[in-house]
Amino acid sequence: MDKRIEVKHIMTIDLITADPDETIDAVRHKLIANHIQHIPVVEGKKILGIISKGDIHRMEHHFTLFHSEKALESNRQIFSTILAAEIMTKSLVKLKDTDSATIAVDLFKENMFHALPVVNDLDQLVGMITPLDLLRYAFDEVKTIQR
Amino acid sequence: MDSSKPVSTIMTRTVVIIKPNDPIDLVHQLFEKNSFHHIPVVDHNKLVGIVSKTDYLKIRHMLATTWSGETICQDMYKDLVVEDIMTHEPLIIEPADTIGLAADIFRANALHALPVVEDGELVGIVTTHDLLNYAYQESF
């Protein structure tokens, strides 16, 4: 195992993405249907932001508590009008595809992120990396060597 | 890196815990004040469940969408206790189990934390962060 391996070799490259003008309803369906926790919001190959399942849960909660009488119906209406660009986290921490795995580990250690977007030299989104990707690399590699 | 080492060598031993009958607001406060995302639930020294930040957020959302209006929602919230929202009988690992086994469990179940239990008693918690630290900081 090479802990300095570039993240491009261990990241997830088959990404589910959202457009900035997609409704939150559509984003939520994508998260659930694909069993993912985070979805990057992109315009072409440029990443504009990221939305997590937690973001959506928090938003649903606040809207229902303070803005609605008939909670479910109001939520449905709100969610079909608010767009991904309006709730995404815009201040992103991104990794370069040539950054080492240890940089990703250090960022995850802060426990503020559970998924990081990976971009190339042109700032185009090329993948996402999570703690489970890093574990898979470290421990599958060990098993292969031990065999 | 030696994945056959026991998890007891990398687990966190000082763990913040809650009791099954603690109010759900205590969960909220603990997640607000700390950076961890999982709290083991212990009753008379025995592990009975675990609450993740995701569990907590889901319940908060379900409450809000099931009950319209702020007052009834806050009343429901006050009445809920940890036992109502925790995951009962969570997956666990023993201190003598290997780090490699912990990695397999995390990957197979997409989990991020495992309580470490010996004879039913909680003795620590091991997370994906602990494994990443071990694999990427201390090896080679």
- Pairs under 6 Å by beta carbon, first residue within 14 Å of chain B (Cβ to nearest Cβ) in the range A:88-102, partner in a loop (DSSP other than H, G, I, E, B), six or more apart or different chains? A:S100/A:R4; A:A101/A:K3; A:A101/A:I5; A:T102/A:K3
- From the options A:K143, A:K94, A:K70, residue that is farther than 17 Å from B:T128 by Cβ, modelled with pLDDT of 85 or more and out of contact with any helix residue (DSSP H, G or I) (no Cβ under 6 Å at 6 or more places or on another chain): A:K94
- Any idea how many residues of the range B:12-26 are under 13 Å from the mean Cα position of the chain (by Cα) and of a type in the set (A, V, I, L, M, F, W, C)? 4
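Please go through the range B:97-132 and give me each residue that is among the hydroxyl-bearing types (S, T, Y) and either surrounded by fewer than 20 Cβ atoms within 10 Å (Cβ to Cβ) or part of a loop (DSSP other than H, G, I, E, B) (or both), ordered by number. Even if it seems obvious, please write down each step before you answer.
Going residue by residue through the range B:97-132, those that are among the hydroxyl-bearing types (S, T, Y) are B:98, B:127-128.
Within the range B:97-132, just B:T98 meets the criteria.
Scan the range A:92-112 residue by residue and report those that are more than 13 Å from A:I5 (Cβ to Cβ) and buried (at least 20 other Cβ atoms within 10 Å of the Cβ). Step through it out loud before you land on a result.
Within the range A:92-112, the subset more than 13 Å from A:I5 (Cβ to Cβ) is A:92-94, A:96, A:106-112.
Passing the criteria: only A:F108.
Test of understanding: among A:A18, A:A33, which residue is at pLDDT 95 or above and among the small types (G, A, S)? Walk me through it before giving the result.
On the way: A:A33 fails: at pLDDT 95 or above.
Unique residue meeting the criteria: A:A18.
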- Message: Of the conditions (1) of a type in the set (D, E, K, R); (2) within 18 Å of B:T127 (Cα to Cα); (3) more than 14 Å from chain A (Cβ to nearest Cβ), B:D25 satisfies every one except a single condition; which number is it?
- Response: (2)
- Note on the structure: B:A135 vs (1) buried (at least 23 other Cβ atoms within 10 Å of the Cβ); (2) facing chain A (nearest Cβ under 10 Å); (3) not in a helix (DSSP H, G or I): all pass except (3)
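Rundown of residues vs (1) among the β-branched types (V, I, T); (2) under 15 Å from the mean Cα position of the chain (by Cα); (3) within 12 Å of chain B (Cβ to nearest Cβ); (4) not in a loop (DSSP other than H, G, I, E, B), yes/no style:
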site: A:K8; (1), (2), (3), (4): no, no, no, yes
site: A:L15; (1), (2), (3), (4): no, yes, no, no
site: A:D25; (1), (2), (3), (4): no, no, no, yes
site: A:I51; (1), (2), (3), (4): yes, yes, no, yes
site: A:D55; (1), (2), (3), (4): no, yes, yes, yes
- Message: So in the range B:31-47, with the set limited to residues that are more than 14 Å from chain A (Cβ to nearest Cβ) and more than 25 Å from B:G100 (Cα to Cα), which one is surrounded by the most Cβ atoms within 10 Å (Cβ to Cβ)?
- Response: B:V41
- Message: For the range B:15-26, check the following and say yes or no: at least one residue is under 18 Å from B:H112 (Cβ atoms) and at pLDDT below 90.
- Response: no
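The values are calculated or read from the model by the stated rules, or taken from the named source; none is laboratory data. Quantities reported herein were computed from a predicted structural model and do not represent experimental measurements. Neighbour counts are summed over all protein chains in view; Cβ atoms, including those assigned to glycine, are modelled from backbone coordinates with ideal geometry.
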